[in-house]
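The values are calculated or read from the model by the stated rules, or taken from the named source; none is laboratory data. None of these values were measured; they are calculated from a predicted model. Note: ideal-geometry Cβ built from the backbone for every residue, glycine included; neighbour counts use all protein chains shown. Note: accessible area is taken over every heavy atom of the protein model, side chains too, but ligands, DNA and RNA are not part of it. Shrake-Rupley method; radii C 1.70, N 1.55, O 1.52, S 1.80 Å.
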Amino acid sequence: MGSARLIGQILPSGVASAELLDYPEGLRPFPAEEHLIAKAVEKRRRDFIGARHCARQALAQLGEPQVAIGKGERGMPMFPQGIVGSLTHCDGYRAAALAHRLRWRSIGIDAEPHDTLPDGVLDSVSLPAERDWLRGAIADTGLHLDRLLFCAKEATYKAWFPLTLRWLGFEDAHITFTIDAAGSTGTFHSDLLIPGQVVDGGVPLTSFDGRWAITEGLILTAIEVG
């Protein structure tokens, strides 16, 4: 199964992925999607259309038909029955990762520019323990790990919401990281701080594990829930 060159490096076998680094001329939404962006500004339209174009490429890799992809509660993309997945976009990049539900219960991906967070954002998206780790780790690595933390929190929410249909705030997940020897890839662990959430016949949902990579000016994160 083919995969996208960048996001594909942190996704396992069985997850189909596609990405756009450039925006093709003439790209259009499916007619059934147009009403969702009828009043959107041009950048929002391009992100919406580009990410769904990637999703349809991933559907083709899975042997699924090309269909419109609507929006559900809180903007959750509505994939065909039996398919789970996640979309992401940032300046200059759009991507999708999809899989069959028989293999994975949920997927969450996110992409961010490899740059510092805007002033004042870190305190609103992080826990004290996470900020303590960042103070030393940023100095040691020279990477924009504050943005990596934000990116991992976004992937955590995207993996969580389709399973629970419940809000998960930035303060509701404590994320810890490992950094591989190469220095630009690693893993992360999201401890979910909302108690009592149960899915799939009584299995408690307490944490997620994911991978991250920093490459070509982008931070990429991915979680697959088996």
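Values for this structure:
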| item | result |
| --- | --- |
| All positions within the range 58-70 that are in contact with a Pro (Cβ under 9 Å, 6 or more places away or on another chain) and open to solvent by 30 Å² or more (accessible area, probe 1.4 Å) | Glu64, Pro65, Val67, Ala68 |
| Every residue from the range 71-112 that is open to solvent by 50 Å² or more (accessible area, probe 1.4 Å) and not aliphatic (A, V, I, L, M) | Lys71, Glu73, Arg74, Gln81, His89, Asp91, His100, Arg101, Arg103, Arg105 |
| Test set (1) open to solvent by less than 50 Å² (accessible area, probe 1.4 Å); (2) touching a residue at least 24 places away in the same chain (Cβ under 8 Å); (3) farther than 19 Å from Ser13 by Cβ - Ile49 fails condition number | (2) |
| Answer from Ala18, Ala55, Ala4 - the residue that is closer than 30 Å to Asp180 by Cβ, in a helix (DSSP H, G or I) and either open to solvent by less than 30 Å² (accessible area, probe 1.4 Å) or touching a Ser or Thr at 6+ places or on another chain (Cβ under 9 Å) (or both) | Ala55 |
| Conditions (1) assigned by the TED database to the domain that holds Leu193; (2) open to solvent by 50 Å² or more (accessible area, probe 1.4 Å); number of the one not met by Val125 | (2) |
| Failed item in (1) within 24 Å of Leu21 (Cβ to Cβ); (2) over 12 Å from the mean Cα position of the chain (by Cα), with Ala95 passing the rest | (2) |
| Residue in the range 92-112 that is of a type in the set (S, T, N, Q) and free of Cβ contacts under 8 Å to residues at least 12 places away in the same chain present | no |
| Single residue of Leu148, Leu143, Leu168 found to be within 18 Å of Gly217 (Cβ to Cβ), touching a Phe, Trp or Tyr at 6+ places or on another chain (Cβ under 7 Å) and not charged (D, E, K, R) | Leu148 |
| Residue ranges of strands (runs of 3 or more DSSP E) in the range 80-175 with at least 1 members among the polar types (S, T, N, Q) | 83-90, 106-113 |
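Residue-wise test of (1) surrounded by fewer than 18 Cβ atoms within 10 Å (Cβ to Cβ); (2) within 21 Å of the chain's Cα centre (by Cα); (3) of a type in the set (Val, Ile, Thr); (4) modelled with pLDDT of 95 or more.
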{"site": "Leu165", "(1), (2), (3), (4)": "yes, yes, no, no"}
{"site": "Thr185", "(1), (2), (3), (4)": "yes, yes, yes, yes"}
{"site": "His189", "(1), (2), (3), (4)": "yes, yes, no, yes"}
{"site": "Pro204", "(1), (2), (3), (4)": "yes, no, no, no"}
